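Report on the structure given below.
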Amino acid sequence: MKKEMDEKKKVGVFICHCGRNIAQTVDIEKLMEEVREKYDVEFVEDNMYMCSDPGQNLLKESIQAKNLDRVIVAACSRDMHEPTFRSAAQEAGLNPYLVEIANIREQVSWVHDDKEKATEKASKIIGSTIEKVVRDEPLEPLQIPVVQRALVIGGGIAGIQAALDIADAGYEVTLVEKSPTIGGHMAQLAETFPTLDCSQCILTPKMVALSRHPKINLLTTSEVVSVEGYVGNFKVQIRKNPRYVDVDKCNLCDDCTAVCPVVVHDEYNQGLAPRKAIYIPFPQAVPASYVIDEATCLGIDPLICSKCKDVCLVEAIDFDMQPEIIEEEFGAIVVATGYDIYPIENIGEYGYGSHPDIISGLDFERLLSANGPTQGVIRRPSDGKIPKTVVFVHCAGSRDPAKHLPYCSKICCMYSTKHALQYKHLVHDGTAINFYIDVRTAGKDYEEFYKRAAEEEQVIYVRGKVSEIIEDGDQLLVKGVDTLLGEAVEVHADLVVLATGLVPSKGTQEISHLLKLSCDSKGFLKEAHPKLKPVESALSGIFIAGTASGPKDIPETVAQASGAAAKAATILASEYLEREPQIAQVDPTTCGVCHTCIHVCPYGAIYLDEVVGRITVREALCEGCGSCAAACPSGSIELKNSTSEGIRARIKALLQG
Amino acid sequence: MNKLKVAVALGATCAGCDVAILDLNEKILDVIEIVDFVFWPTAMDFKLEDLKALKDGEVDVGLYHGAIGTEEDEEIAKILRKKSKVVVAFGACANFGGIPSLTNMPYESKIFDVVYKESPSTSNPEGTVPLKETEVEGTKLTLPGIRKRADSLNSVIDVDYYVPGCPPMVPLIEQVVDILRVFVEKGTLPPKGAVIAGQDTLCKECGRTKPETISYTEFLSPQEVKEIDPDLCLLSQGILCLGPATRSGCGGLCTSMNVGCRGCLGPTDKVDDHGLKMISALTSLLDVEHEEEYTEEELDKLIEKIPDPLGTFYRFTYGVSMISKLHPDMEE
């Protein structure tokens, strides 16, 4: 099992003082002596700062002068300067993968006081690193060709922003949206906190810009059905569902809706208004075209009614349109599949959504909107009366691990404050009461906005949870407790708005399965690192934007979308991706094809090649984490330059007296 | 044609390996054609003196089965080495220490207590234990001393070839016979250290289909599974099977009977510690997608379902395992 060293390697060891960082705890003179005596090395030298220019020059000159073919720099963590020394060695003509770092700072000087023992430990770490470096093989970085085109999944504000940014950077983008228009939830909102900008007014310019952008290919009524491949080379199948209306011919004359006999709830208006089976989601929809709702239209197989087709002068309507499968390749993917709101039907204590005057925050947005079912006049759904008292219930179904969502959705405090404030603007003599647990205003100008509502605009804030809402005549009796006064509170309200939280959208769940993205316990997409890699998924080349990874407000969503776009653009920017070659390799002679590695690989980098019946590593996907090597029950997988035999030799060197 | 002189010696063994040779059935006649057994105490009337009487190197092939459990086993192994040109470790015990090496767990001073006093089926009110020397009616009787550990053959002598298995399966023994025939006819042998079995693992030859990814949520004994799917990977049905970590060569004898592999062929060339590798693989496979949701207590409960972890993962290889070397008795 022991690998024969075919030839003696000329190892050079460079020991860094790191100013006093290392030198005050490690006796450098003694260490150099020991390394010379104990180990079979060609050259040992020290320097005050190996990472400095003189230090690097020492490394380069010594490699050439002494003909070194292996180099160890005993200095700080390899996370810090491994690239520095590897590129210096490369400049001197040495393969960079023949340079190793012996960490004698973080692992020695910073954690020990006893100079003698620290010096001894430093020597052992160097000895162990020698065992690695003499086994290292020269490697070349992998070159992965890149398809310089991006896919954005989801056409809400996050997807729109990401697509625009990538396209503005000069790359082609395909944006796939499930519904007939882009815009997402933001298109449903009335005004936005804390500036009270009209949501549509700030969103629609971006929608138009997207539709006109020469680099953006917009696919609405479309879904991603399969994704294969890896960073730089994703092969994606998209199903474009039939719209039954030719986008190019439709002139938005609206003759069709007048004759359509089918009336259904309008989802854009949260079911608070009707629409026809042929409709345009909202006037500024992009693409600007009517669409037929396949599920309810009477014209699609069997053809019972064709009234719209009969009146359409431009002959835009085609009942025979078929789904179309589009296959395209992409170099990077941005997932912006957004959220759904927590259904008020789940909340039993607030009537399971059965009372027409107990509505969700998103419902209330529609009542506030000028293009909503009430043209922006606040009328309650049951009888159309203008409500004189409105209760806003914060944390409805949130922060309630026993029964509902355990987490805080971050935006509800602010949108409820906005709702109350806007209501006060519209109904001057009305009373707005907000029941809250605590008001969370962590955002720029958010606290000021809350103060304005509470102090200047007479919005009443009651600290306490609403326990029950029951019908009382034509009003609602809201029962709760004021925890500041320690008293039970009962309020008669004409309308109750439940500030429900955000949950992962159905699309987010579907995409996570399709792309094999991991989710957190709540079902939101998991970031590669919650702090340092917030827009990256664990899979290289797939990025996350917006609420798909958790509740966010609009500014945060837009910032994240731009971040994801920038990350995607860095991949698209080059024709080839360079990847670390220290990846897994499978020995087919001992591999039993047990599939263990396929299961443990977090990157989808290992698969069974059915043609040859062998376990195969997708080199472009492998991150070199070593999970497969540890799990492989037949010991057939090893990382390049980290063989089991080498690791054993390193451990032995560390443990030897 | 000169016949090969073959000696079959044994140590701590159940003699199943001897029976395995006889399991060649009519093929044993081919063996007799090329082989002269100069020592095989289980099958014929041989005494150790007969082996000692042979000249050094006179035996062409010496097979040894059983672990090195007693001082006498070690002595026999050394004599066999001296007398044989080629020594073959035959069977799991000679290869890895085998089941006898599980006695390395309770160390020497305790093993007699466990076996002669504490085991539930033992009635020994006087607490009699075997002694190296006993006086019986004026005669001194001796027994071989028990070693501190039951070890593999190669821990006491140089071994040329390895035939694992408990016992080695007929196809493997046939391979040995073929090698012997080539040796007789051409005088050539495989490279030293060769293992006469497959190079890869049981999964390759078990024949059950595997789901693309294997995962399980609990360990079950075969009798707990309502209906074992005869075509589906046993592990994915929750039945503990050491197949993924175990060398191929048996053709899936156990798995074809709905019994999980016990690992008698040991690990592949690439692996030092059979049990550790299997534990590493198994823990990696456990309900990966939800592993973070398990509490420590739930995990403990799962592990409790493995009745005898050491005996399960190291049934045949404890003697050569890393953990057996951590034993307190081994500190000197």
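Given the condition assigned to a strand (DSSP E or B) and either buried (at least 20 other Cβ atoms within 10 Å of the Cβ) or not polar (S, T, N, Q) (or both), answer yes or no: does some residue in region B:172-186 qualify?
Taking every residue of region B:172-186 in turn, none turns out to be assigned to a strand (DSSP E or B) and either buried (at least 20 other Cβ atoms within 10 Å of the Cβ) or not polar (S, T, N, Q) (or both).
Working only within region B:243-260, note down all residues that are on the phi > 0 side of the Ramachandran plot and away from chain A (no Cβ under 12 Å).
Residues satisfying the conditions are B:Gly251, B:Asn258.
Which fully enclosed strands (runs of 3 or more DSSP E) of region A:292-397 have 3 or more residues being open to solvent by 50 Å² or more (accessible area, probe 1.4 Å) and within 30 Å of A:Val236 (Cα to Cα)?
A:324-330
Residues checked against (1) free of Cβ contacts under 8 Å to residues at least 60 places away in the same chain; (2) aliphatic (A, V, I, L, M):
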| site | (1), (2) |
| --- | --- |
| A:Asp553 | no, no |
| A:Val593 | yes, yes |
| A:Cys601 | yes, no |
| A:Leu621 | no, yes |
| A:Gly624 | yes, no |
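Could you please let me know if A:Pro581 is within 9 Å of chain B (Cβ to nearest Cβ), touching a residue at least 12 places away in the same chain (Cβ under 8 Å) and more than 29 Å from B:Glu291 (Cα to Cα)?
Judged against the criteria, A:Pro581 is not a match.
Could you tell me how many of the residues in region A:591-606 are at the interface with chain B (Cβ under 7 Å from one of its Cβ atoms) and not in a helix (DSSP H, G or I)?
Number of matching residues: 5.
Consider A:Gly271 carefully, then state whether it is under 30 Å from A:Phe364 (Cα atoms) and modelled with pLDDT under 95.
yes
Can you list residue pairs whose Cβ atoms sit under 6 Å apart, with the first residue in region B:241-267 being touching a residue at least 40 places away in the same chain (Cβ under 8 Å) and hydroxyl-bearing (Ser, Thr, Tyr) and the second being surrounded by fewer than 19 Cβ atoms within 10 Å (Cβ to Cβ) and assigned to a helix (DSSP H, G or I)? Count only pairs 6 or more apart in sequence or on different chains.
Final answer for the pair search is B:Ser248/B:Glu205.
Which members of region B:84-129 meet the condition of being of a type in the set (A, V, I, L, M) and more than 30 Å from B:Gly193 (Cβ to Cβ)?
B:Ile111, B:Val114, B:Val115, B:Val129
For region B:193-242, give me each residue that is under 27 Å from the mean Cα position of the chain (by Cα), open to solvent by 40 Å² or more (accessible area, probe 1.4 Å) and within 13 Å of another protein chain (Cβ to nearest Cβ).
If the condition is that a residue be under 27 Å from the mean Cα position of the chain (by Cα), open to solvent by 40 Å² or more (accessible area, probe 1.4 Å) and within 13 Å of another protein chain (Cβ to nearest Cβ), then B:Gln199, B:Lys204, B:Glu205, B:Gly207 are the ones that fit.
Is there a residue in region B:302-323 that is at pLDDT below 90 and crowded, with 23+ Cβ neighbours inside 10 Å?
No - not one qualifying residue is present in region B:302-323.
State the number of residues belonging to region A:108-163 that are assigned to a loop (DSSP other than H, G, I, E, B) and in contact (Cβ under 8 Å) with a residue 12 or more places away in the chain.
17
Any residue at all in region A:622-632 that is within 13 Å of chain B (Cβ to nearest Cβ), assigned to a helix (DSSP H, G or I) and surrounded by fewer than 18 Cβ atoms within 10 Å (Cβ to Cβ)?
yes
In region A:472-512, how many are in a loop (DSSP other than H, G, I, E, B), in contact with a Gly (Cβ under 6 Å, 6 or more places away or on another chain) and more than 28 Å from A:Leu189 (Cβ to Cβ)?
1
Residue by residue through region B:261-288, note down the ones that are more than 8 Å from chain A (Cβ to nearest Cβ), farther than 22 Å from A:Ile647 by Cα and surrounded by fewer than 20 Cβ atoms within 10 Å (Cβ to Cβ).
If the condition is that a residue be more than 8 Å from chain A (Cβ to nearest Cβ), farther than 22 Å from A:Ile647 by Cα and surrounded by fewer than 20 Cβ atoms within 10 Å (Cβ to Cβ), then B:Arg262, B:Leu286, B:Asp287 are the ones that fit.
Among (1) within 24 Å of A:Ile160 (Cα to Cα); (2) of a type in the set (A, V, I, L, M); (3) out of contact with any Gly (no Cβ under 9 Å at 6 or more places or on another chain); (4) open to solvent by less than 40 Å² (accessible area, probe 1.4 Å), where does A:Ala559 come up short?
(4)
The values are calculated or read from the model by the stated rules, or taken from the named source; none is laboratory data. Here the structure is a predicted model, which is why all the values come from computation and not from measurement. Positions of Cβ are generated from backbone atoms using ideal geometry, with glycine treated the same way; all protein chains shown enter the neighbour counts. These area figures cover heavy atoms from the full protein model, side chains too; ligands, DNA and RNA do not enter into them. Shrake-Rupley method; radii C 1.70, N 1.55, O 1.52, S 1.80 Å.
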